[in-house]
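Below: one structure, written as structure tokens.
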Amino acid sequence: MLIRAYLPSYRHIWPIDPNSNRPPENWQGWPEGKKFALVLTHDVDTKQGHDKCQKLADLEERLGFRSSFNFVAEDFRLSGALLKNLKSKGFEVGSHGIHHKNPFSSPQHFQIQAAKINQYLAEWQAVGFRSPSMYHNLDMIQDLNIEYDASTFDTDPFEPQPDGVGTIFPFWIPGRNGRPGYVELPYTLPQDFLLFVLMREKGIDIWKQKLDWIVQNGGMALFISHPDYIDFNNTPHYERYSVRYYEEFLTYIKKNYEGQYWHALPRDVAKFWTANYKASRPAQKQSRHICMLAYSFYESDNRIMRYADALQERGDSVDVIALKSENMPTCERLNSVNVYRIQKRIINEKAKAAYLCKLLVFLLRSTVFLTRKHMKHRYDLIHVHSVPDFEVFAALIPKLQGTKIILDIHDIVPEFYASKFAGGKGSFFFKALVKVEQLSIKFSNHVIISNHLWHKTLTGRSVEKNKCTTVMNYPDEAIFYRRPRTRQDDKFIMIYPGSLGWHQGLDIAIEAFAKIKDQIPKAEFHIYGRGPETDNLEALIKTHDVGDRVLINGPMPINQIADIMANADLGIIPKRNDPFGGEAFSTKTLEFMSLGIPIIVSATKIDKYYFNDSVVRFFEAEDIDDLARAMLEMVTDSALRENIRRNADRFIEDFQWSKNKHIYYNLVDSLIRQSK
């Protein structure tokens, strides 16, 4: 059901990505002058699949084909006679991992896996690897003794790790640390499991469509099937499909393209590529020129950094126009992203007029700066980050010239206003801000919202559903990952990193800590950030005489704060349950989970929507006594902390940026394509 719901959004890149047809530089064609390459492979995941391999090989042999069978080594007993028979008849055997699980959870874990995989590769005299469920890390794979890897794909937004490589040709992965390198063979035809088990297709039209397109473009038709899901006995089951689909597809290839294809095993393609195209660069996707515009400090805004880094990683040119903090340069290049800081800001606004004045000045400055940059080198897309919503109008001139505009609403503004400056939803200013929201959205080509509750709010009052996409604050694994602790003291450190606004509830946390400080003498509460509540929080610390144990530090760059968080014992997220804080999703929740740090979380509407008691320690929102009890319990009960940490570790697997950034890529590409 989910796949069918998402399918219309991916029509432009699946099953065919029209930009993946470019051959590598100096392309001379396939051996023997053939029009395209045909490579048949099978992944054998279970004992049931293992027991069907001989039947599948016999079918292929009868039709004049040969293929490669990739086996999971230790999830079932592998028949030596089967391996010997397959190889004797001209089939290939490869590795499909030790167990059918993601082997790339950490470099240390993969090194252990790699040692075992290499043993099986040697035992089977195999030279190829394909990771379970197509998880891939082309750098870690260097630890394997292989000639080729086949763990990627040209395009497939439905994979667990859906970042396609964007080519229907093999490509070379250079070696590192003395390793020789290897050939990468992406699969280019949709997998049988997707088509017939998940999508419930009743024919092979999608296979035919994709194959015909690959033939037209002279690429490599690399096919994956799973004997596990093939029904040889005409016994229908929701997790099996009839073998006649595969036989029909092989017959279609033979009938329509006999003599036009180089039918090769993966190892043969790898040898050909190593001999002829080892020094060539793979075809690159067309580079886009994209601007990020934000009334924010780029170096400490993980959401904006994730977008910018993801775009530059795939070859796009990215400019960021943002705020300037003390001691930061006006212009800087960070990780290949051009950062322009055009206005200083100290976060101390306590009056509506002061806050609005700074926003309007930034709007004026950014309009002039952005227009000048656009005139020199036209932007394909401008991604504007709110607060404020009306910042999108800085892109007026580019918009008139056809540039697409995304409005990314980090914090929903009318509710944010009500939280920051008081005044209910019936106030004049709240209604005016809703009107500004609606006008800003109308000006934009698409809207991104940061959580599903706010998606419901926005689509109920300001935007159509097909113009609004939810992209959560997913942690970037390159920054937020498990790492060894470097702190050596015997203290117990609780930590809050983020802005110091009233809705964040830091005063509640300080009051709670003050209640139990004598019962946990080695505990400290460290706060990192700045905001309008800084002075009030410092006064509260002084009132309770906890200045030696509750420490407010300034904001830190994202990489540094990740190290500090990783050295803490407990994360504290004490938000209020007001109309804004109750539905504002805290970025730090998932970041703490990625770092392996257990957390106490206010039981707000948004947090109860995403989490349960197994992955966080909830306390009743705005209840000082309940938070004090939660702190005391988490400090004194190490087993509880470990249980929450372990459960959160599993929970966070599906909430990583690497598994979700394809949503953003697809949105950007579809918008830019509309302007061509």
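The values are calculated or read from the model by the stated rules, or taken from the named source; none is laboratory data. Nothing here was measured: the structure is a model prediction, and the numbers come from that model. Quick reminder, even Gly has a Cβ in these numbers, built from the backbone with ideal geometry, and neighbours come from all protein chains shown.
Computed quantities for the displayed model
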read-out: Residue match in region 431-453 (condition: buried (at least 22 other Cβ atoms within 10 Å of the Cβ), closer than 21 Å to ILE597 by Cα and in contact with an Asp or Glu (Cβ under 8 Å, 6 or more places away or on another chain)); value: no
read-out: In region 70-82, residue nearest to TYR120 (Cα to Cα) [restricted to those that are crowded, with 17+ Cβ neighbours inside 10 Å and over 30 Å from the mean Cα position of the chain (by Cα)]; value: LEU78
read-out: Qualifying positions in region 47-76 - small (Gly, Ala, Ser) and either under 19 Å from LEU265 (Cα atoms) or not assigned by TED's automatic domain parsing to the domain that holds LEU265 (or both); value: ALA57, GLY64, SER67, SER68
read-out: Set ALA566, ALA514, ALA562: member being more than 27 Å from ASP309 (Cα to Cα) and in the same structural domain as ARG629 (by TED's automatic domain parsing); value: ALA514
read-out: Residues that are assigned to a strand (DSSP E or B) and farther than 21 Å from PRO475 by Cβ, drawn from region 596-630; value: PHE619
read-out: Residue, surrounded by the fewest Cβ atoms within 10 Å (Cβ to Cβ), within region 335-348, restricted to residues that are among the aliphatic types (A, V, I, L, M) and at pLDDT 90 or above; value: ILE342
read-out: Residue that is farthest from ILE304 (Cα to Cα), among those in region 458-471 that are buried (at least 19 other Cβ atoms within 10 Å of the Cβ) and among the β-branched types (Val, Ile, Thr); value: VAL463
read-out: Of all residues in region 576-595 being in contact with a helix residue (DSSP H, G or I) (Cβ under 6 Å, 6 or more places away or on another chain) and part of a loop (DSSP other than H, G, I, E, B), the one that is nearest to GLU622 (Cα to Cα); value: ARG576
read-out: Members of region 170-183 that are in contact with a Pro (Cβ under 6 Å, 6 or more places away or on another chain) and part of a loop (DSSP other than H, G, I, E, B); value: GLY181
read-out: Count - residues of region 569-600 that are within 21 Å of TYR481 (Cβ to Cβ) and either free of Cβ contacts under 8 Å to residues at least 40 places away in the same chain or in contact with a Pro (Cβ under 9 Å, 6 or more places away or on another chain) (or both); value: 12
read-out: Single unsatisfied condition, LEU189 versus (1) in a loop (DSSP other than H, G, I, E, B); (2) more than 30 Å from SER242 (Cβ to Cβ); value: (2)
read-out: Pair list, Cβ under 7 Å, 6 or more apart: region 601-613 residue not assigned by TED's automatic domain parsing to the domain that holds GLU633 and of a type in the set (Val, Ile, Thr), other residue assigned to a loop (DSSP other than H, G, I, E, B) and modelled with pLDDT under 95; value: none
read-out: Qualifying strands (runs of 3 or more DSSP E) (wholly inside region 473-558; at least 3 residues being of a type outside the set (Val, Ile, Thr)); value: 492-497, 523-528
read-out: Among residues of region 148-164, those that are crowded, with 19+ Cβ neighbours inside 10 Å and within 30 Å of GLU123 (Cβ to Cβ), counted; value: 8
read-out: Criterion violated by HIS544 - all others in (1) more than 19 Å from ILE652 (Cα to Cα); (2) buried (at least 20 other Cβ atoms within 10 Å of the Cβ); (3) at pLDDT 95 or above satisfied; value: (2)
read-out: Any hit, region 105-112, residues being crowded, with 18+ Cβ neighbours inside 10 Å, closer than 25 Å to ALA73 by Cα, within 24 Å of the chain's Cα centre (by Cα) and modelled with pLDDT under 95; value: yes
read-out: Yes/no for ARG244 being more than 15 Å from GLN209 (Cα to Cα) and touching a helix residue (DSSP H, G or I) at 6+ places or on another chain (Cβ under 6 Å); value: no
read-out: Strands (runs of 3 or more DSSP E) lying entirely in region 302-368 (those with 3 or more residues that are without any contact (Cβ under 8 Å) to a residue 40 or more places away in the chain, of a type in the set (Lys, Arg) and not assigned by TED's automatic domain parsing to the domain that holds HIS410); value: none
read-out: So ILE520, is it closer than 30 Å to SER658 by Cα and touching a residue at least 24 places away in the same chain (Cβ under 8 Å); value: no
read-out: Identity of the residue in region 647-671, among the polar types (S, T, N, Q) and in a helix (DSSP H, G or I), that ends up surrounded by the most Cβ atoms within 10 Å (Cβ to Cβ); value: ASN666
read-out: Qualifying residue in region 222-235 (condition: within 26 Å of the chain's Cα centre (by Cα), at pLDDT below 95 and either outside the structural domain of VAL44 (by TED's automatic domain parsing) or within 24 Å of ARG130 (Cα to Cα) (or both)); value: no
read-out: Condition broken by SER427, with the remaining ones in (1) modelled with pLDDT of 90 or more; (2) more than 19 Å from GLY596 (Cα to Cα) satisfied; value: (1)
read-out: Condition check for ASP212: in a helix (DSSP H, G or I) and touching a Gly at 6+ places or on another chain (Cβ under 6 Å); value: no
read-out: Close pairs from region 31-58: first among the hydroxyl-bearing types (Ser, Thr, Tyr), partner part of a strand (DSSP E or B), Cβ under 7 Å, at least 6 apart; value: THR41/SER68; THR41/ASN70; THR41/LEU222; THR41/PHE223; THR41/ILE224
read-out: Flag if GLN438 is among the polar types (S, T, N, Q) and either touching a strand residue (DSSP E or B) at 6+ places or on another chain (Cβ under 9 Å) or assigned to a helix (DSSP H, G or I) (or both); value: yes
read-out: Yes/no for ASN26 being within 30 Å of ASN666 (Cα to Cα), outside the structural domain of LEU144 (by TED's automatic domain parsing) and either touching a residue at least 12 places away in the same chain (Cβ under 8 Å) or surrounded by fewer than 21 Cβ atoms within 10 Å (Cβ to Cβ) (or both); value: yes
read-out: The listed residue being part of a helix (DSSP H, G or I) and over 21 Å from the mean Cα position of the chain (by Cα), out of ASN145, ASN85; value: ASN85
read-out: Condition met for THR274 (of a type outside the set (Lys, Arg), in contact (Cβ under 8 Å) with a residue 12 or more places away in the chain, surrounded by fewer than 20 Cβ atoms within 10 Å (Cβ to Cβ) and over 30 Å from ILE561 (Cα atoms)); value: yes
